[in-house]
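Undergrad: Mind looking over this structure? Questions follow.
The values are calculated or read from the model by the stated rules, or taken from the named source; none is laboratory data. Worth saying up front: this structure is predicted, and the values here are computed from it rather than measured. Please note: Cβ atoms are built from the backbone with ideal geometry, for glycine as well, and neighbour counts cover all protein chains shown.
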């Protein structure tokens, strides 16, 4: 493998039902950062059926070029045709870096493609940088420049690992949604559009989709919430989350939680904030009964305003909080809720 033949930062621009997924815009924003020190361009790979019209949208969020693989076999996501499409693009255009969102689709597609193009994959990354590897020089070992440094939680989130792929290309990573920042859209931006079709011949690895059933949920994704009221082990019991739910309702927000709460079986995994949960950036984040372990802080420290309520005045959460209240959450939270409701009623009365 001639590593010098591989150029460019590529992003798999996931789309579902001809609508680009938010993770694609997030990855394009990060791709722009990574491309700068490499003096290269950003390419989005758009796979689907009848999707060419989405190319300009990708350009607005940072794509210099869009490779479109459009075929009726790609109407709905299926592992085999999508993996064939992306692997073929990689073999044909030779990207130096290939980023895929760690969504349900990306977690299936990324490993399949990396195996086909014979490269490594670092899964569920929370940070990406360009730098030297090994990070610290080792006597007798070459320190390679301009490598993709892929950081992810390891050992159940108890440590952080930085991984590189210095001897194979592309350097591939799946990236957790909500971690990277999309850029402000550039109105009227255009990208070079390349149409590429490697050909699709259905075989016994092509599944047949009999029916698509779309689930309807009345639960707000915590990654989209503007206000989050998050509880930790200090809340005391699953029943006690009722006072957090009351506060969230008063604020028009959503309840979330720490890993300890999920591990205890008090709340479902989809409400967990942190390195092994979801990364959130609400306008207002309440950390109630949460000590502030680094794994949790990594998932919420980008919130606009952080309010911590904890009886332990030395809790690490106060180091990242904009406002802190030391005391018994069982007394403070109901009082806070009552005050908010009273203020809302006062405004409603004129």
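Undergrad: For residues that are outside any loop (DSSP other than H, G, I, E, B) and either at pLDDT 95 or above or touching a helix residue (DSSP H, G or I) at 6+ places or on another chain (Cβ under 8 Å) (or both), scanning just region 1-18, find the one that is surrounded by the fewest Cβ atoms within 10 Å (Cβ to Cβ).
TA: This residue is 16.
Undergrad: Suppose we keep only residues that are outside any loop (DSSP other than H, G, I, E, B) and touching a helix residue (DSSP H, G or I) at 6+ places or on another chain (Cβ under 6 Å) within region 110-127. Which one would you say is nearest to residue 69 (Cα to Cα)?
TA: 113
Undergrad: Further question on the same structure: I'm trying to understand the selection: among the residues of region 75-100, which are touching a strand residue (DSSP E or B) at 6+ places or on another chain (Cβ under 8 Å) and in a loop (DSSP other than H, G, I, E, B)?
TA: Residues satisfying the conditions are 75, 77, 95, 96.
Undergrad: From the set of residues in region 15-32 that are touching a residue at least 60 places away in the same chain (Cβ under 8 Å) and more than 11 Å from residue 99 (Cα to Cα), which is nearest to the chain's Cα centre (by Cα)?
TA: 22
Undergrad: For region 235-292, enumerate the residues that are surrounded by fewer than 22 Cβ atoms within 10 Å (Cβ to Cβ), over 21 Å from residue 330 (Cβ atoms) and in contact (Cβ under 8 Å) with a residue 60 or more places away in the chain.
TA: Once the filter is applied, which keeps residues that are surrounded by fewer than 22 Cβ atoms within 10 Å (Cβ to Cβ), over 21 Å from residue 330 (Cβ atoms) and in contact (Cβ under 8 Å) with a residue 60 or more places away in the chain, region 235-292 yields 276, 278, 279, 281.
Undergrad: Being touching a helix residue (DSSP H, G or I) at 6+ places or on another chain (Cβ under 8 Å), outside any strand (DSSP E or B) and surrounded by 15 or more Cβ atoms within 10 Å (Cβ to Cβ) is the filter here, so list the residues in region 169-195 that pass it.
TA: Matches in region 169-195: 169, 170, 177, 178, 179, 180, 182, 183, 189, 191.
Undergrad: A further question on this structure: One residue is enough: does region 59-68 have a residue meeting the conditions in the same structural domain as residue 176 (by TED's automatic domain parsing), within 22 Å of residue 214 (Cα to Cα) and not in a loop (DSSP other than H, G, I, E, B)? So that I can check it myself, show each step before the final result.
TA: From region 59-68, those in the same structural domain as residue 176 (by TED's automatic domain parsing) are 59-68; that's our starting set.
Now narrow it down to the ones that are within 22 Å of residue 214 (Cα to Cα): none.
No.
Undergrad: Looking at residue 46, is it in contact (Cβ under 8 Å) with a residue 24 or more places away in the chain, under 21 Å from residue 105 (Cβ atoms) and outside any strand (DSSP E or B)?
TA: no
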